[in-house]
Each structure stands twice: as C-alpha cells, then as structure tokens.
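Take a look at the structure set out below.
Every number here is computed from the coordinates shown, using simple stated rules; none is lab data. Every value quoted in this text rests on a predicted model; they were computed, and no experiment measured them. Methodologically, a virtual Cβ is constructed for each residue, glycine included, from the backbone with ideal geometry; neighbour enumeration extends over all protein chains shown.
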C-alpha cells in the first residue's frame, strides 16, 4: 500500500500539471460547446444560454463545415501518403551504403522541420508567385503556361500540400532511418545469396520489418495533418474562395475572428471525434495486418 | 516506506509555495505598473508610425502627460482589443474602425463622450462630415470622435476614357455601364474595372446607395431581398457576366497599381490610401492620366460607404481627462492637416480640408464631394460577419451558381442566423442592463 502511495506522490506533480493545463481546459471547452458563449455573453454573463447540442446540430447543417471537412480530408488523403512516401524515399536513399556525406544530407533534409512556418512561407510564396515565381519559370521552360498556384481555387490546396510535405517530411525521415538501421543486415545478405532483386528485398524484407514504424508514423502524421492550420493561415488566409479553409481554420475564425466560442468549441470537439475514429480504425487495421 | 514519502511531501510543499510566489509575482507583473501620468494609446496599422511624430508637441503642451503608443497590425487588432477587454487590460485611448464601434459599445467597453464634446472648444460636431459623425452615435449616445475618414470611390484613367469618347467620369449607373462596355476588351486582356471577388467593400458601397437599409426591424433581420439590394447585386454581378471585370480575388490581382497603369483596368474601385500608392508607383509625368471621381449613384448623385477610424476612451481607463486632452489635440484642424501630410489619412472635419495640401490637390476633391453624401453601415456588432457572408454568397452568384433572387434569399438566411442572438437579447430586455 505504502509503495503505491509513494508512487502516487511521484506522479502527483505531473498529474496536477496535466489536470490544470489539460483536463480542466478540455472539460471547460466541452461545457462551453454546450452554450452560446459569444461577445454578448462576454459583456454580460446573463446573456449566456445553455443550448445543449444546438451548436453541433447547427454545424452539421452548415455548408461551410462540410466544405472545411472536405478540404481537411483532401489534405490528409493526399498529403499523408505523399509525405510518408517522400520520407521513406529519402530515408532509403540516406541509408544506402553508396551515399557519401550522409550527415550533410541528413541535416539538410531535416532542416525544414526546424524552420519557422512563417519565415519559410515567405520564401514559398515567392516560389509559387504567378509572374515572378521559380516554379512557373521552370514550367515555362518546358512550355507550360503560368499557373496561379495560390490564387486559383483548384491549385491552392495542392500548393499547400507541397509546402506542408516539404516542411514535415524530414521528421518522419529520421524515424524511418532509425527503423531501417534496426533491420539486421544478415536478412539482406541471405536474400542476396538467394538471388532476390533490390525490389524484392524492399517488398519482402524492408517493408515488413518497418511495419510497426510505418503504423506509428502513419498515425502521428494523420493526426498532425488533420490539424492543418498554420500553412493556409500564412499562405492563403483560407482562400481563394475558402478552398484552403480547414476545420481548424474554421474553428479559429469562429472563435477568434467572430468570438463565437460556443460554436468554436463544438468545431474542436467534432474534429476530435473524427480524428479519434480515424486513428482507432488505423490502429485496428494495423494490428490485424500485423497479426496476419 | 514512510520516510521517502514524507520527504517528497516536504519537497512538494516547498515547491508549491515557490510556485505560489512565482504566480503572485507574475500577477503583480500583469497589473498595471505604470505611473499616474502615462497614457496608453493603441493604434492600428500605419497610423502608429505617423502619430508618434505628432506627439512630441502634445507632450510639450501637457508636460504632465506621457503618451505610450502601441502599434497593432490590422490583422491582429480586433482580436487583441477583444482579448484586452476580456483580460481587463484595455488601454486608455485607442483608434477604432467605425464598423467595430458597435461591437465595443455592445460590450459596454467604451466611455460615452457626449458631455465632453458639449464642453469642448475644439471638437465641434457641426464641423464634421454628418454621416461620419453619426457612425459614432449608437442609440443616440456618442462613443467616439472621428479621426480620419475613408470612403471607396473610382480611380479612373482619364486618357483611356477620353480615347473612348468620354470627357467626364460617369454620374449614374447607366453611364457607368456604357463606359465599362466601351472600355472592356476581354480578348485583349483588358477590363473596365477590377472588383476583387473576396472584398465586400465594393458591393457594400453600391448597396449603401440604395434607399433601403441592408438590415430591418432595428437590425433584427436581414433585408437583402429588398428591391434596392437586388438592384445593387444585379449591377455588381452583371459587371462580371458582361466580362467588364475579371472574376478574380485580390490575391490573384497581384499588383493592381501597375496593371491600372498599363491600362488593364480603366476603373479602380478603392479608397484614399491609393492616391499615395499610385503617386509612388506610377511615373510622375503620367499624373494627369489618372483621376478620381465620386462613386456614381444608381440615378445620379454621389454616395458611398462611411468608413474610417475614430478615437475612443475605454470605460476602465483611469486617465479619462488626459485621454480626452489627447483626443482634442489630435482633432485640431492643423494637427489633422499634418497627419494627412504624413500619411494621407483624410481628416474627418471640414475645416481641416480648407487649408494646406488638401485644398489644392485635385485628386482629393472627389473624396470631399463624396464624404458629404456617405452612408453608415448598419450599426450592429455582427455587421462585419454579415458583410463577409454577403460577399461569399455574391461570389457564388458571380460564378453563376446562384441567381440574384436565390443569392439575396441566401444572404438573408445567413444574416438572420447570425442575428439570432441579437434578436433574443432585444426581445428579452429583462436580461439586459444596458442596450446592446
């Protein structure tokens, strides 16, 4: 018993901090999402009404919520596989025994992760610029007409995806690199002796051995990408024609632009439920795949 | 093992008391530690840079007062002001856009200024543009003193109009439409006008020219299905359908000043700050090729939206007299003229226009003409949100997804939803102590 009590004491500081700075705000936000807390309520608390699930009901009936959700899923469904493929590709290249100056490349490829979004967004806005941008200049050389990357509703999201993938792939690359280095060399040796090609080695040794790493990276990346906000905030401000407004961006607008904290909290909880379901499904699929 | 747990206990309580001390210190740091004669003045955007050049003279006149200016970027200003209100740390004086004023009045954050104005020898209401002044009156009480004004009108290429056979800018919508038609050559990439589809100010200016207000029943419901608004919306949407304006956003438009100079657009629908932009970006010898004109009304007569910023005092300020002295100083006609020379922000009072560079500059005369006839936006806190929704729906109509009638009904529907809380508060007066 005493041991247990001591353990609780050791846990207490962390629990207190978690309780005050995580649990309490979450419960408060849940409560807030059941009210219509807004500017009027800020002025006079008697203007606060308990609205039960009305905020959620309203959101589910609003076009802007569904379109924001659509943009978020677009970003996740395209961005996550692309990001993982780029990370894995870069990790495989770095892991190859033929590569020289490994540390230089590893640092260079990891560098975008530690840069500030706002600072690199300035650079990327130049790259994407319709008239003076590097990207259109290169495309122009091969005869493709200039594309208004950030101004055209069809191209804005792909541009944001490219920017986000570039910004984030280095982090997963490092994890993959660690995973690759943990695969025993003798497996490859045996495969080579049996005459397996590089592709076969990748499919039958590298991928299965990386399974758990892939699952973890997948879940982390999905939950990270669902929370798309900073990239459109600094690149497009959610436009053009709201084509890059994500769910989190909608929450920011409702909360900090229009000061409807009730509705904003409801958005946050809906996003939480969606992310929870998606990652739970991924985990389950991952486990089943692992057992088979 | 009782020993370690007691030790942990002791450490914990020591840590807790240390934490408490830190929290107490932090709280002390938060509370205002400024001395009695420091006045905090928040500004939004570029105004802060210019106003600091006017303040040394004020501080010479009032040796007891020191003004601390804090500049906020426009994009963060609204949020910062609301957060300051919620966190009980509002400044003494701030610049406040007159579309934001109703919101802060609803919060009961602002000090009524009626009595101070009545006793003032400097601030004379009759000298101010009527409708600009009235944007500071909410339910009959005055909450701000207009600082500078803003209204959107037409910049036009005089040489292009002349070449097309028009000696004067349009005076009504029919003439305007004829000119737009003559000056638009979409096949050659030139258009009559630029109307960025993500900016609501242009459509709002056209809608304010109509006799009907955009909200009805004391701001309880949208009134966008009125004949007047539909007329404005139809004129706006037709401009795109007739290919007299490209359906692009301001982001896509990129550098409109240069394109205006190249003749991509013959008209440019914008505000006073662009006089400075054009002078800076277009060669001086081409100064005569462009001019400004009041926004033509549907059947003649110039009018537009009453925009601009006011100076307000926060109710929680402990230096209201000093704050009022600063407002009076910044409202003096000669100070307003210097402010215009520094920044190009147009003065809110007529006497400031009668001297200095404002009297002689031909580009500003159209603004003066229009300022006499501007109209205020509906004075409800929700206005900016409603205007945003209005523009989103209008952009859908421009894209051909909605007819004029459908768009008007949709804007009404969205406005009514946004105004639901306001209706509830107005119709349940027992829940309020002051008027919202």
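With springs only between Cα atoms under 10 Å, which of A:104, A:113, A:165 fluctuates most in a Gaussian network model of chain A?
A:104
Checking the a/c ratio against 1.5 first, then a/b against b/c, what shape does the Cα gyration tensor give for region A:44-184?
Values: a/c = 2.52, a/b = 1.49, b/c = 1.69.
It is oblate, given that a/c is not under 1.5 and a/b is not larger than b/c.
In a Gaussian network model over chain A where Cα atoms closer than 10 Å are linked, find which of A:198, A:52, A:68 has the largest mean-square fluctuation.
Per the Cα network of chain A with a 10 Å cutoff, A:198 tops the list.
For chain A, calculate the relative contact order in percent as a whole number, restricting contacts to Cα pairs under 8 Å that are 6 or more residues apart.
Value for chain A: 27 percent.
Quick check: the distance between the Cα centres of region B:397-422 and region B:44-114, to the nearest angstrom?
Centre-to-centre (Cα) distance: 34 Å.
Using alpha carbons only, how many angstrom separate the centre of region A:122-172 from the centre of region B:304-344?
Distance between centres, Cα-based: 44 Å.
Which of the three applies to region B:368-417, rounded, prolate or oblate, going by the alpha-carbon gyration tensor with a ≥ b ≥ c and a/c under 1.5 meaning rounded? Spell out each step's value before the answer.
Values: a/c = 2.87, a/b = 1.59, b/c = 1.81.
Oblate is the answer for region B:368-417, as a/c is 1.5 or above yet b/c matches or exceeds a/b.
Helix A:63-95 versus the longest principal axis of chain A: what angle, 0 to 90°, nearest 10, using Cα atoms?
30 degrees
Please report how far the C-alpha centroid of region B:209-283 lies from that of region A:1-76, rounded to the nearest whole angstrom.
Their Cα centres are 40 Å away from one another.
Connecting C-alpha atoms closer than 10 Å in a GNM of chain A, tell me which of A:97, A:81, A:112 has the biggest fluctuation.
Among A:97, A:81, A:112, the largest mean-square fluctuation in the Gaussian network model of chain A belongs to A:97.
Within a 10 angstrom radius of the beta carbon, how do A:225, B:156, B:62, A:137 rank from fewest other beta carbons to most?
A:137, B:62, A:225, B:156
To the nearest 10 degrees, how steeply does helix B:383-398 sit against the main Cα axis of chain B, on a 0 to 90 scale?
Helix B:383-398 sits roughly 40 degrees off the main axis of chain B.
Just want the ordering: A:71, A:63, from fewest to most Cβ atoms lying within 10 Å of their own Cβ.
A:63, A:71
Per DSSP H run of at least 4 residues, take -39500 (n - 2.57); add these up for chain B, divide by its residues and hand me the 222 nm value, nearest 500 deg cm²/dmol. Display every interim value, and only then the final one.
Values: 21 runs with 212 residues, N = 436.
After summing the helix terms and dividing by residue count, I get -14500 deg cm²/dmol.
Pairwise over distinct Cα atoms, reciprocal of the mean inverse distance: report the Kirkwood radius of region B:105-175 in Å, one decimal place.
On the way: mean 1/r = 0.0636 Å⁻¹.
Hydrodynamic radius (Kirkwood, Cα only) of region B:105-175 equals 15.7 Å.
Can you tell me how chain A classifies by the Cα gyration tensor, rounded, prolate or oblate, using a/c under 1.5 as the rounded cut?
Oblate, since a/c reaches 1.5 and b/c is not below a/b.
Please order B:384, B:59 by the number of other Cβ within 10 Å, starting at the fewest.
B:59, B:384
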